[in-house]
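Below is one structure, written out as structure tokens; the observations come after it.
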Amino acid sequence: MKQIFIVANKEFHDGLRNRWLVSITLIFALLSVGLTYFGAAASGVLGVASLSTTVASLASLAVFLIPLIALLLSYDSFVGEQESGTLLLLLTYPLSKSQLLLGKFIGQGGIIALATLLGFGASALLLYFQLGDADIFSAFGLFIFSAILLGLSFTAIAYLISLSVSEKSKAAGFALITWFLFALAFDLALLALLVGVEEGVSQQGLTQLMMLNPADVFRLINLSGLDASGVNGALAAAINASLSQTQLIAVLAAWVVLPLMLAIFIFKKKKL
Amino acid sequence: MSNPMVSLVDAGKSYAQLDALQTITMTLGEGEVLGLFGHNGAGKTTMMKLILGVISPTQGQVEVMGMAPDSKEAWHCRSKVGYLPENVSFYEQLTGLEVLTYFAKLKGFSKKEAIELLEQVGITYAMKRQVKTYSKGMRQRLGLAQAFIGEPKLLLLDEPTVGLDPIATRDFYKTVDQLKANGSSVILCSHVLPGVEQHIDRAMILSSGKLLAMGTLSELRQQAALPVTIKPSGLNGTVAANTKLNGFLSSSCQQTLMVPEHEKLMVLKELLSLDGLNDIHVEAANLEQVYQHFLLEHKLSEDELSKHGLSQPKQVKKGQG
């Protein structure tokens with residue numbers, strides 16, 4: 001346990017030192033405050049839009065940004081240390097592979113989690129001062145919680161990439177492809193399936209397919225709670241047949257735990 | 001020597017394509033310094049990794065302090081083992097002190113010990129600077145400080161003197177001698193380096209995963225049967241005329257005698273009895289020559305085998321047991 005904490009502490013401080021925490025927090029805060037204020041601009045009104053519209057826009061924003069940031073932060077975690085030789089050295093220490101991996105996960109996950117909390121929390125506070133509505137905190141609480149899970153999930157996926165390749169540049173390439181697949185291509189494929197193939201998938205089947213993508217699970221969590229007015233596309237169809245909020249959160253949590261366990265497994269098999 | 005620090009029994013490691021290390025048997029006692037020599041790819045690093053327990057042997061047994069180093073029981077022994085990898089570049093964005101503190105903590109020590117170690121390797125003046133500003137020698141010193149954390153009982157050092165200036169090299173060997181005096185065992189891995197001879201107890205020569213020779217330097221010299229070079233001066237033609245001596249004359253240099261070890265004393269006595277001798281220079285084969293000899297011998301025997309159509313490594317392995 002102590003070893004995990006030492007590694008986590010080092011990784012967290014690296015995140016602070018590299019200005020990761022500050023930049024991610026700023027990006028989240030600026031974008032979410034911006035969306036909160038100008039989200040209604042499309043309908044011709046300036047000022048705070050309705051709560052559901054705001055959360056819906058924030059979720060659509062987060063679903064692209066968070067995976068990208070998590071992958072960027074963590075893709076070189078292992079392959080980078082392997083290239084510089086410190087990975088081999090660390091493994092000669094009284095430190096097991098799973099301790100090293102979990103330590104890194106806690107440290108880097110802590111950066112993502114804290115940045116998400118601070119960045120989006122800022123716009124929650126702002127909204128509260130504007131509207132004085134205590135509902136904001138429960139809506140934002142769920143949003144921030146699921147956003148953190150999404151970030152952790154892609155951190156674990158980044159470790160999978162980092163442990164599976166032997167060069168940093170390859171890891172970067174794979175990270176980019178992973179992001180593209182999960183954040184963009186998967187939805188397009190679903191939509192094509194829905195529109196292009198008649199009687200191809202039922203609503204039930206569609207929802208089940210969406211469970212294969214943590215980004216979509218995140219979307220479902222945040223949009224299913226809202227009135228469907230702000231939601232359209234493949235999602236709207238899926239929401240009607242959706243699982244309960246708790247089930248969805250459990251699925252997203254599984255998207256954190258399973259890749260992490262797989263990463264530990266790959267790490268243990270890895271030839272050094 | 002009752003409880004060997006490290007013992008390898010027929011230990012080997014092969015990967016799908018390559019036998020990185022073929023059946024090595026050796027022991028290393030407490031307070032012993034072993035020099036491990038070989039070219040790149042000879043299997044030095046593989047052997048170190050086996051001893052460190054980072055990889056498991058595909059055959060045979062490896063024991064460190066009486067336990068298999070890749071097992072769970074050996075866990076607590078790891079803080080008593082120090083390792084300096086070849087070509088390690090530490091976290092560039094951290095300061096030297098931060099790097100060393102991180103490693104010290106992982107071994108259960110604190111920042112205080114880290115500062116002391118930095119003092120010991122002489123880079124206290126730069127400990128608040130980022131590692132990316134360090135020169136090669138400073139990085140190597142940092143690496144050594146890392147290996148010395150917690151006064152290890154067993155030290156494995158891969159190319160420890162690369163990039164060190166002569167003074168730092170001397171300091172390094174002093175530290176090795178000191179550790180040895182405290183009962184620590186050291187494995188020094190390097191290409192053959194001048195100056196390493198007086199600090200090692202035994203040498204081990206590896207080539208393409210095979211053990212070519214192992215023993216103390218004088219044993220190896222004997223095995224190699226390399227001649228002693230004797231250079232008398234002031235004798236002019238007397239040596240060539242002496243029937244006892246002219247057989248030893250080197251073909252390339254008429255002033256130099258190449259004498260087998262066991263006839264050295266006889267030749268010296270004879271030389272001393274000659275008039276006109278005003279100086280004499282005796283030089284035993286150095287480590288580098290011994291090393292070259294074993295490599296050459298190995299190469300010749302390989303060539304011999306390949307002439308007979310036995311060039312595939314697998315068959316060679318079988319043939320040599």
By average Cβ neighbour count within 10 Å, what is the ranking of A:255-267, B:32-44 from highest down?
B:32-44, A:255-267
Which is farthest toward the positive dipole end of the protein assembly as shown among A:PHE64, B:THR216, B:GLY234, measuring Cα position about the Cα centre, with Cβ charges +1 (Lys, Arg) and -1 (Asp, Glu)?
B:THR216
With axes computed from alpha carbons, what is the tilt in degrees of helix B:136-147 against the longest principal axis of chain B, rounded to the nearest 10 within 0 to 90?
70 degrees
Counting only C-alpha contacts under 8 Å and six or more residues apart, can you give the relative contact order of segment B:227-283 as a whole percent?
55 percent
Per-residue mean of other chain beta-carbon atoms within 10 angstrom of the beta-carbon, peptide B:56-66?
0
Using the Cα centre as the reference, give the magnitude of the dipole from point charges on the C-beta atoms of chain B (Lys, Arg: +1; Asp, Glu: -1; all else neutral), rounded to the nearest 20 debye.
920 debye
Computing the accessible area with a 1.4 Å probe over protein heavy atoms, can you report the carbon and sulfur percentage for segment B:227-283?
53 percent
Please report the antiparallel percentage of DSSP beta bridges with both residues in the protein assembly as shown, rounded to the nearest 5.
60 percent
I want to check the label-to-label distance for B:HIS191 and B:GLN292. Put each point 7 Å from Cα in the C-beta direction and report it in nm to one decimal.
1.4 nm
Beyond 36 Å, the calculated P(r) of the protein assembly as shown holds a percent of Cα-Cα pairs equal to 53 percent
For B:LYS132, give me every one of the aspartates and glutamates with a C-alpha distance below 12 angstrom, ignoring sequence neighbours fewer than eight places off in its own chain.
B:GLU92
State whether segment B:227-283 is rounded, prolate or oblate according to the following rule on the C-alpha gyration tensor (a ≥ b ≥ c being the square roots of its eigenvalues): a/c under 1.5 gives rounded; otherwise a/b larger than b/c gives prolate, and the remaining case gives oblate.
rounded
Residue-normalised accessible area of the protein assembly as shown, expressed per residue, 1.4 Å probe, Å²
46 Å²
So what's the angle, to the nearest 10 degrees on a 0 to 90 scale, between helix B:111-120 and the longest Cα principal axis of chain B?
20 degrees
Taking Lys and Arg as +1 and Asp and Glu as -1, residues besides B:VAL267 with C-beta under 13 Å from its C-beta add up to +1
Where in chain A are the helices, taken as whole DSSP H runs, whose Cα atoms extend 24 angstrom or more along the long axis and whose Kyte-Doolittle mean reaches at least 0.0?
A:20-38, A:51-74, A:97-131, A:135-164, A:245-269
Normalising by the residue count of chain A, find the relative contact order in percent from Cα pairs under 8 Å and 6+ residues apart.
26 percent
How long is the gain from A:TYR128 to A:GLN204 if the chain were fully straight, where each residue apart is worth 0.36 nm and the alpha carbon distance is subtracted?
23.7 nm
Cβ charges +1 (Lys, Arg) and -1 (Asp, Glu), total dipole of the protein assembly as shown, debye
360 debye
Ignoring ligands, DNA and RNA, what percent of the accessible area of segment B:42-109 is carbon or sulfur (1.4 Å)?
50 percent
Stretched out fully, how many nm does the piece from B:SER250 to B:THR27 gain, at 0.36 nm a residue minus the Cα gap?
76.4 nm
Over 23 Å apart: what share of the alpha carbon pairs of chain A falls there, rounded to a whole percent?
55 percent
Accessible area that becomes buried as B packs against A, both chains, 1.4 Å probe, Å², nearest 100
2400 Å²
What's log10 of I(q)/I(0) for chain B at q = 0.11, 0.13 Å⁻¹, Debye sum over Cα points only, no solvent?
-0.81, -1.00
How far is helix B:287-307 tilted off the main Cα axis of chain B, in degrees rounded to 10, range 0 to 90?
80 degrees
With a ≥ b ≥ c the root eigenvalues of the C-alpha gyration tensor of segment B:4-65, is it rounded (a/c under 1.5), prolate (a/b larger than b/c) or oblate?
oblate
Computed over segment A:115-218, the Cα gyration tensor eigenvalues, each multiplied by 5 and square-rooted, give semi-axes in Å (largest first) of 30, 24, 10
Give me the dipole magnitude in Debye, nearest 20, for segment B:227-283 about the Cα centre, with unit charges on the beta carbon: positive for Lys and Arg, negative for Asp and Glu.
80 debye
Using only Cα atoms, locate the centre of segment A:111-150 and the centre of segment B:253-288, then give the distance between them in Å, rounded to an integer.
88 Å
What is the sum of charges around B:GLN289, taking Lys and Arg as +1, Asp and Glu as -1, for the other residues whose C-beta is under 14 Å from the C-beta of B:GLN289?
-4
Per residue of B:102-108, other chain Cβ atoms within 10 Å number on average 6
Less than 30 Å apart at the alpha-carbon level, and either on another chain or at least 8 residues along: which lysines does that give for B:LYS264?
B:LYS231, B:LYS244, B:LYS299
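The values are calculated or read from the model by the stated rules, or taken from the named source; none is laboratory data. These numbers were taken from a predicted model, which means no experiment stands behind them. Reconstructed Cβ throughout: ideal geometry from the backbone, glycine too, with neighbour counts over all protein chains shown. To get the accessible areas, we keep the full protein, side chains included, count just its heavy atoms, and leave off ligands, DNA and RNA. Shrake-Rupley method; radii C 1.70, N 1.55, O 1.52, S 1.80 Å.
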